[in-house]
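Here is the structure we will look at.
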């Protein structure tokens, strides 16, 4: 591992979580001398990855170059391009918002958000991060990614988002085993109170799980009916087929 690159990435991750930080706050978070962090931050500022507020002691925040890189990533992501038309169809069939996500360590990052087709005002969700164990999308992927699941299950207790979040690795492991059989994952008020979700994993030509697609369902409308569950299965299966997967879901040994 190249130390300077590692430290620069740690600065960006710290700013992602805290939004705005002073130099001393960054140094404290990274447990590095302020002089070292200052050099890293000034380099990132020079490349537009970080910006500083005007005024004495201005806080640092992520810069516009991060957005440009994110857009390039989205534009080149085959999963997203294949998922968009199926997400639109799934939203029409179910009258629900649809999310497509990928795993990033122990979290899910939303790479596409299809709003509810009712014309109501909705916040765009591309780029939001949800803990994988508190997300139907995350559970759908963890059930078919043994390495990611093992890493997360080694954490006890798991981070709590609401009073309904599963924090026991034992309980989560049981859920993942069931998802591995049915191919569908759900969560009820585990990430956000009043919000439930249903998701199915997406696979590529090697049979590896590369993402998941799912519905956002108001708690008042939970549980979903069989037709809605079939619609999620159809979308996940269709996207997987377009990515070259031979079966959905792949058999588990």
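The values are calculated or read from the model by the stated rules, or taken from the named source; none is laboratory data. Model, not experiment: these values are computed from the prediction. Cβ: placed from backbone, ideal geometry, glycine included. Neighbour counts: every protein chain shown.
Looking at the stretch 18-45 only, could you name the residues that are exposed (fewer than 12 other Cβ atoms within 10 Å of the Cβ) and either assigned by TED's automatic domain parsing to the domain that holds residue 104 or within 10 Å of residue 62 (Cα to Cα) (or both)?
19
Could you tell me which residue of the stretch 137-156 is surrounded by the most Cβ atoms within 10 Å (Cβ to Cβ), considering only residues that are farther than 24 Å from residue 228 by Cβ and in contact with a helix residue (DSSP H, G or I) (Cβ under 8 Å, 6 or more places away or on another chain)?
Across the stretch 137-156, the extreme among qualifying residues is 152.
Residue under question is residue 15, and the condition is that it be touching a strand residue (DSSP E or B) at 6+ places or on another chain (Cβ under 6 Å), assigned to a helix (DSSP H, G or I) and either at pLDDT below 90 or not assigned by TED's automatic domain parsing to the domain that holds residue 232 (or both); does it hold?
For residue 15, the condition - touching a strand residue (DSSP E or B) at 6+ places or on another chain (Cβ under 6 Å), assigned to a helix (DSSP H, G or I) and either at pLDDT below 90 or not assigned by TED's automatic domain parsing to the domain that holds residue 232 (or both) - is met.
Name the single residue, out of those in the stretch 214-227 being under 22 Å from the mean Cα position of the chain (by Cα) and crowded, with 17+ Cβ neighbours inside 10 Å, that is farthest from residue 199 (Cα to Cα).
So the residue we want is 217.
Does the stretch 18-56 hold any residues that are part of a helix (DSSP H, G or I) and at pLDDT below 85, and which are they?
18
Read through the list (1) without any contact (Cβ under 8 Å) to a residue 60 or more places away in the chain; (2) part of a helix (DSSP H, G or I), then give the number of the only condition that residue 158 fails.
Every condition holds for residue 158 apart from (2).
Condition test on residue 247, is it over 15 Å from the mean Cα position of the chain (by Cα) and outside the structural domain of residue 122 (by TED's automatic domain parsing)?
yes
Residue-wise test of (1) at pLDDT below 95; (2) over 19 Å from residue 113 (Cα atoms).
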residue	(1), (2)
175	no, yes
209	no, yes
228	no, no
232	no, no
250	yes, yes
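In this structure, is residue 195 under 15 Å from residue 96 (Cβ atoms), crowded, with 16+ Cβ neighbours inside 10 Å and free of Cβ contacts under 8 Å to residues at least 40 places away in the same chain?
yes
Tally the residues that are closer than 15 Å to residue 12 by Cβ and more than 27 Å from the chain's Cα centre (by Cα), restricting the search to the stretch 28-38.
So the answer is 2.
Would you confirm whether or not the stretch 157-164 contains a residue that is more than 19 Å from residue 95 (Cα to Cα) and touching a helix residue (DSSP H, G or I) at 6+ places or on another chain (Cβ under 7 Å)?
Taking every residue of the stretch 157-164 in turn, at least one turns out to be more than 19 Å from residue 95 (Cα to Cα) and touching a helix residue (DSSP H, G or I) at 6+ places or on another chain (Cβ under 7 Å).
Identify all residues within the stretch 132-147 that are more than 10 Å from the chain's Cα centre (by Cα), touching a residue at least 12 places away in the same chain (Cβ under 8 Å) and not in a loop (DSSP other than H, G, I, E, B); write none if there are none.
Of everything in the stretch 132-147, those that are more than 10 Å from the chain's Cα centre (by Cα), touching a residue at least 12 places away in the same chain (Cβ under 8 Å) and not in a loop (DSSP other than H, G, I, E, B) turn out to be 133, 134, 136, 139, 140, 141, 142.
Would it be correct to say that residue 164 is under 17 Å from residue 130 (Cβ atoms), assigned to a loop (DSSP other than H, G, I, E, B), assigned by TED's automatic domain parsing to the domain that holds residue 113 and in contact with a strand residue (DSSP E or B) (Cβ under 7 Å, 6 or more places away or on another chain)?
Answer is yes for this residue.
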